[in-house]
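The values are calculated or read from the model by the stated rules, or taken from the named source; none is laboratory data. Predicted, not measured: the structure shown is a model, and the values here were computed from it. All Cβ positions, glycine included, derive from the backbone under ideal geometry; neighbour counts span all protein chains shown.
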Amino acid sequence: MNYDVVGLGQCCIDYLGTVEQYPDINEKEEVSNLTVQGGGPVATAMVTLSRLGASTAFIGKISDDSFGDLIKEGLISEHVNIDYIVVEKGKRSQFAFIVIEKDTGKRTVLWSRATVAPLRSDEINRGVINTAKVLLLDGLMKESSVAAAGYARDAGVIIVVDAGSMREGALALVNLSDFFIASDDFVRQFSSANNPKAAAVELLGLGAKTVIVTLGEKGSICVTPERIFYQPAFKVKVVDTTGCGDVFHGAFIFGLLQKWGLNETMRFASATAALKCCEIGGRTAIPDLRDVEEFLESDNHS
């Protein structure tokens, strides 16, 4: 089977809960609304795309532990193909504890790295990438990410890079990307100018074709060689920002699949990410296509 989008990157299990305020050292705070669900940048983007109606497959590496089982179950339940996940036995899959502040929806992440070896290039199924329309990479596993980008480039597959923070793997993918989506954290670490537009222009100079910078509640900007434009964030009651950027990436790719213009694609991605923020968890409130369309048709959000 051919998939609209193939994602290669990190996946994990998130334990999430809400507190009135984040405690100081040696203090206690009761946790409410405890939930357990799948996470990881590319994996959550694939779930977003699946809910919007695209066909998706995920490539990553886990172990045969209870966390790995939960990761697989979470993707299967969202109709994301997991045939290309590599399982290394006897290790531990990645997991995180995420503490959400009730009034702001902002979160603190405590995470434990997987003990499986990084995905190697010879563990990637090249055929599933060659037949996709879009490949999404997070650069967290540099060797496999660069190899997959090379396969996609040779096959004429659109390459989207999620640059959540400044990593060697992300920088190695700049000149291979068609769309390089950087977070404000990445921009601050990448450029001393502390100017998202200037950093985006610098990334264009390194070979990216189009650069998007996500700025959380301040919206996002898109920079191409021809133009720069700004997309405001939509106003919603924020419950939890976990996975907001990941959902933005998935929804942005959905716009690419529809062959929308960049303005419409950015607006759609921003709306989808805003809706996600309305419930706890990176995946709980990911909307379907009708939800996003109805949200965009209303007049009181932007």
> Looking at (1) among the hydrophobic types (A, V, I, L, M, F, W, C); (2) over 20 Å from Ala200 (Cα atoms); (3) buried (at least 22 other Cβ atoms within 10 Å of the Cβ), which is the one condition that is false for Ala269?
Replying inline: (2)
>> Yes or no: the stretch 120-129 includes at least one residue that is among the small types (Gly, Ala, Ser) and farther than 30 Å from Glu279 by Cα.
In response: yes
> Here are Tyr15, Tyr84, Tyr22: which of them is in a strand (DSSP E or B) and either aromatic (Phe, Trp, Tyr) or surrounded by fewer than 19 Cβ atoms within 10 Å (Cβ to Cβ) (or both)?
Replying inline: Tyr15
> Any chance the stretch 255-262 includes a residue that's modelled with pLDDT of 95 or more and either under 16 Å from the mean Cα position of the chain (by Cα) or within 22 Å of Lys102 (Cα to Cα) (or both)?
Replying inline: yes
> Among the residues of the stretch 46-67, is any among the hydroxyl-bearing types (Ser, Thr, Tyr), under 20 Å from Ala251 (Cβ atoms), at pLDDT 95 or above and in a helix (DSSP H, G or I)?
Replying inline: yes
>> With in a helix (DSSP H, G or I), surrounded by fewer than 20 Cβ atoms within 10 Å (Cβ to Cβ), of a type in the set (Val, Ile, Thr) and at pLDDT below 95 as the only criterion, which of Val238, Val201 stands out?
In response: Val201
> How about the stretch 101-195: which helices (runs of 4 or more DSSP H) wholly inside it have at least 1 residues that are in contact with a helix residue (DSSP H, G or I) (Cβ under 8 Å, 6 or more places away or on another chain), touching a residue at least 24 places away in the same chain (Cβ under 8 Å) and more than 30 Å from Tyr22 (Cβ to Cβ)?
Replying inline: 126-130, 142-155, 168-172
> Can you spot a residue in the stretch 4-11 that is within 21 Å of the chain's Cα centre (by Cα), surrounded by fewer than 23 Cβ atoms within 10 Å (Cβ to Cβ) and modelled with pLDDT of 95 or more?
Replying inline: yes
